[in-house]
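Undergrad: The structure's right below; bear with me while I get my questions together.
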């Protein structure tokens with residue numbers, strides 16, 4: 001690679017990191033003091049990023065995974081308000097539209113936003129996992145839920 005290409009790659013990574021940091025901060029504000037759920041998505045994000053990097057996914061895939069990990073439960077409060085509960089299928093139903101508005105507001109491109117919306121809309125559906133981004137999001141969410149919900153070994157398998 002030449003110097004110009006190296007500079008562009010560095011600038012792209014810096015822009016993605018800036019966007020993820022803005023999104024992370026906005027998600028903390030959106031959860032409005034709900035410490036348990038803030039910690040949940042922060043931990044899912046951390047595991048998802050680690051798994052993705054260890055799997056050597058490309059930068060675009062990593063960006064999608066990190067974005068989805070931060071926003072995967074974005075519909076949880078809406079579900080509680082609308083339905084009085086926040087089961088996984090309801091989160092899958094309500095979350096994508098909320099995420100779409102937020103991602104658009106922060107300038108995420110449509111291809112990334114559409115994939116993230118798909119992942120949010122399926123992260124509690126464990127058949128037909130169609131990509132490494134989906135697999136990693138499910139695994140990271142499971143890892144955190146096993147600990148947070150004190151699941152037994154048998155329940156987690």
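The values are calculated or read from the model by the stated rules, or taken from the named source; none is laboratory data. Everything quoted here is computed from the prediction, not taken from an experiment. Don't worry about glycine lacking a Cβ; one is built from the backbone with ideal geometry, like all the others, and counts go over all protein chains shown.
Undergrad: Name the one entry in 147, 86, 79 that is modelled with pLDDT under 95 and surrounded by fewer than 16 Cβ atoms within 10 Å (Cβ to Cβ). Walk me through it before giving the result.
TA: Numbers: 86 fails: surrounded by fewer than 16 Cβ atoms within 10 Å (Cβ to Cβ); 79 fails: surrounded by fewer than 16 Cβ atoms within 10 Å (Cβ to Cβ).
147 is the lone residue from the list that is modelled with pLDDT under 95 and surrounded by fewer than 16 Cβ atoms within 10 Å (Cβ to Cβ).
Undergrad: Quick test of your reading of the structure: residue 98 fulfils all but one of (1) under 15 Å from residue 121 (Cβ atoms); (2) in contact (Cβ under 8 Å) with a residue 60 or more places away in the chain. Name the failing condition by number.
TA: (2)
Undergrad: Same structure again: Out of 48, 35, 69, report the one residue that is surrounded by fewer than 16 Cβ atoms within 10 Å (Cβ to Cβ), modelled with pLDDT of 95 or more and under 19 Å from residue 148 (Cβ atoms). Let's see the steps before the verdict.
TA: Details: 48 fails: surrounded by fewer than 16 Cβ atoms within 10 Å (Cβ to Cβ); 69 fails: surrounded by fewer than 16 Cβ atoms within 10 Å (Cβ to Cβ).
One residue alone meets the criteria, 35.
Undergrad: Could you identify the single residue in 95, 84 that is touching a helix residue (DSSP H, G or I) at 6+ places or on another chain (Cβ under 8 Å) and farther than 19 Å from residue 13 by Cβ?
TA: Working: 84 fails: touching a helix residue (DSSP H, G or I) at 6+ places or on another chain (Cβ under 8 Å).
Just a single option satisfies the conditions, and that option is 95.
Undergrad: In the range 102-117, how many residues are without any contact (Cβ under 8 Å) to a residue 24 or more places away in the chain and part of a loop (DSSP other than H, G, I, E, B)?
TA: 1
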